[in-house]
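Reviewing the structure listed below.
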Amino acid sequence: MDKILVTRSSMPPMEEYIEEIKSLWESHWLTNMGEKHKELEEKLQQYLKVQHVSLFSNGHMALELGLQAMDLGEGEVITTPFTFASTTHAIVRNGLKPVFCDIREDDYTLDAAKIKERITERTKAIVPVHVYGNVCQVEEIEKIAREYGLKVLYDAAHAFGESYKGSGIGTFGDASMFSFHATKVYHTVEGGAVCYRDEAYGLKLFRLKNFGIRNEETVDGVGANAKMNEFSAAMGICNLRHIDEEIAKRKKVVERYRSHLKDVPGIQLNTVRGEVDSNYAYFPVVIDETIFGATRDTISSALSAEGIFSRKYFYPLTSTFACYQGQFDVAETPVALRISNRVLTLPLYADLSMEAVDRICGIILRSGQK
Ligand code: T4K
């Protein structure tokens, strides 16, 4: 039987992509903000219901340079340790200090009620994560940010296309970063974007991703190179035509998982806040061994033995990474620690068959009975 991996990149029909890239053989213009790049920025701005979109070579560079463009200087950034390495690294690589705040028990996003106690006179910004596409407490975070004069940059890597109370998810905070990596609901092979309102900030972003070049003879910023190329933009244009259908298929997979696992004692399913249009990005389950009868690791091994590869997103917490050894106290984020030790993300992609979901759930349920 074929292996089932945690996800599988969606592909547009090959002919459609070939058609899309044909013009590149005529123009010979392959990168540096070409026609495809321009078209994709415009299309995404509409689809995401945001004011401005700046494309990047990948989500990480979008986040790192998005933070740099905020000109925060030295100081602290309040964030979550329950995330991918990128979020924490982006803060540290900007010369800023992450200050970890705990997460919520039910949707694993930053717990807004605990943010204030982490604020000091050195705090400059908040970097919350819409983890698994679960929307953060955006109103509460906005209120705190206003009260203390802090910037907010959302890591919306998982939240492509979502909206909350009818507003595009990228409209919250000062800016939001999306990842368009191959493993995401929507992708450009590698790619990412920052969505923002302030045009002056957009100009800084543009210079940072293009070597700090102002014009052919003036370079007045120390920028990097983080431009999206035309082949990636073309993939993005194709994938955008199919995105609604992709999300609808994912929804069916998620509903099937829920139908099997919803009332199982000891298995906590992902909750989605009201008034959110979800993109069904991930399907995490949190296992309470004392009730379910098997640990997360036992389930993971039982699945692997059958060629099914779930993943422990997000274990370990970024605050415990070897590269940060001795710098952070994990006891300060007990909920994050507990969830991280118990979470397993199950395979999820648009073309995952219902039979496969049934089989995966069967293996999980049987491992709890052993
Ligand atoms: N912030 C957050 C919260 C993030 O989750 C991420 C990325 C970022 C920031 C940074 O965005 P990017 O710079 O990546 O745009 C994967 C992804 O590489 C990463 O994008 C993602 N988060 C993270 C959660 O997952 P790995 O190391 O687990 O990927 P890998 O290579 O093990 O792939 C996982 C599965 O995906 C494979 O088993 C099969 C499937 N796959 C993978 C690739 C590479 C495909 O179907 N096609 C592919 O091309 O990190």
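The values are calculated or read from the model by the stated rules, or taken from the named source; none is laboratory data. Predicted model only: the values in this text are computed from it and were never measured. As a convention, Cβ positions derive from the backbone with ideal geometry for all residues, glycine included, and neighbour counts pool all protein chains shown. Only protein heavy atoms, including side chains, enter the accessible area calculation; ligands, DNA and RNA are left aside. Shrake-Rupley method; radii C 1.70, N 1.55, O 1.52, S 1.80 Å.
When the stretch 89-102 is filtered for residues that are open to solvent by 10 Å² or more (accessible area, probe 1.4 Å) and near the ligand (Cβ under 10 Å from one of its atoms), only His89 remains.
Look at the stretch 291-319: where a residue is over 19 Å from Ile339 (Cα atoms) and within 13 Å of the ligand (Cβ to nearest atom) and a partner is open to solvent by 20 Å² or more (accessible area, probe 1.4 Å) and of a type in the set (D, E, K, R), sitting 6+ places away or on another chain with Cβ atoms under 9 Å, you get Gly307/Asp2; Gly307/Lys3; Ile308/Lys3; Ile308/Arg359; Phe309/Lys3. Of all residues assigned to the stretch 222-245, at least one qualifies as being part of a loop (DSSP other than H, G, I, E, B), small (Gly, Ala, Ser) and over 30 Å from Tyr282 (Cα atoms). Of all the listed residues (Leu303, Leu317, Leu344, Leu352), the sole one being of a type outside the set (S, T, N, Q), under 17 Å from Ile78 (Cα atoms) and surrounded by 15 or more Cβ atoms within 10 Å (Cβ to Cβ) is Leu317. Scanning the stretch 123-163 for residues being over 24 Å from Thr7 (Cβ atoms) and in contact (Cβ under 8 Å) with a residue 24 or more places away in the chain gives a total of 17. Take the conditions (1) open to solvent by 60 Å² or more (accessible area, probe 1.4 Å); (2) closer than 21 Å to Ala175 by Cβ; Val53 misses just one of them, which is (1). When Ser9 is tested against the conditions (1) open to solvent by 70 Å² or more (accessible area, probe 1.4 Å); (2) in a loop (DSSP other than H, G, I, E, B), the lone failure is (1). The residue that is surrounded by the fewest Cβ atoms within 10 Å (Cβ to Cβ), among those in the stretch 65-88 that are within 9 Å of the ligand (Cβ to nearest atom) and outside any loop (DSSP other than H, G, I, E, B), is Ala85. When residues in the stretch 114-128 are screened for being open to solvent by 10 Å² or more (accessible area, probe 1.4 Å) and either hydrophobic (A, V, I, L, M, F, W, C) or touching a Leu at 6+ places or on another chain (Cβ under 7 Å) (or both), 3 of them pass. Restricting attention to the stretch 103-113, does a residue exist that is charged (D, E, K, R), open to solvent by 10 Å² or more (accessible area, probe 1.4 Å) and within 15 Å of the ligand (Cβ to nearest atom)? No. One residue stands out in the stretch 247-267 among those that are touching a residue at least 40 places away in the same chain (Cβ under 8 Å) and open to solvent by 60 Å² or more (accessible area, probe 1.4 Å): the one that is farthest from Phe292 (Cα to Cα), namely Lys249.
For the subset of the stretch 186-208 comprising residues that are within 17 Å of Lys49 (Cα to Cα) and crowded, with 23+ Cβ neighbours inside 10 Å, which member is nearest to the ligand (Cβ to nearest atom)? Once the filter is applied, the top-ranked residue is Gly192.
The residues of the stretch 268-285 that are of a type in the set (S, T, N, Q), within 17 Å of the chain's Cα centre (by Cα) and either assigned to a strand (DSSP E or B) or surrounded by fewer than 19 Cβ atoms within 10 Å (Cβ to Cβ) (or both) amount to a single one, Thr271. Out of His37, His60, one residue alone is touching an Asp or Glu at 6+ places or on another chain (Cβ under 8 Å) and in a helix (DSSP H, G or I). It is His37.
Report yes if Phe328 is under 30 Å from Ala112 (Cα atoms), within 16 Å of the ligand (Cβ to nearest atom) and open to solvent by less than 50 Å² (accessible area, probe 1.4 Å), otherwise no. In short, no.
Any chance the stretch 218-236 includes a residue that's of a type in the set (Ser, Thr, Tyr) and assigned by TED's automatic domain parsing to the domain that holds Thr109? Checking the stretch 218-236: at least one residue is of a type in the set (Ser, Thr, Tyr) and assigned by TED's automatic domain parsing to the domain that holds Thr109.
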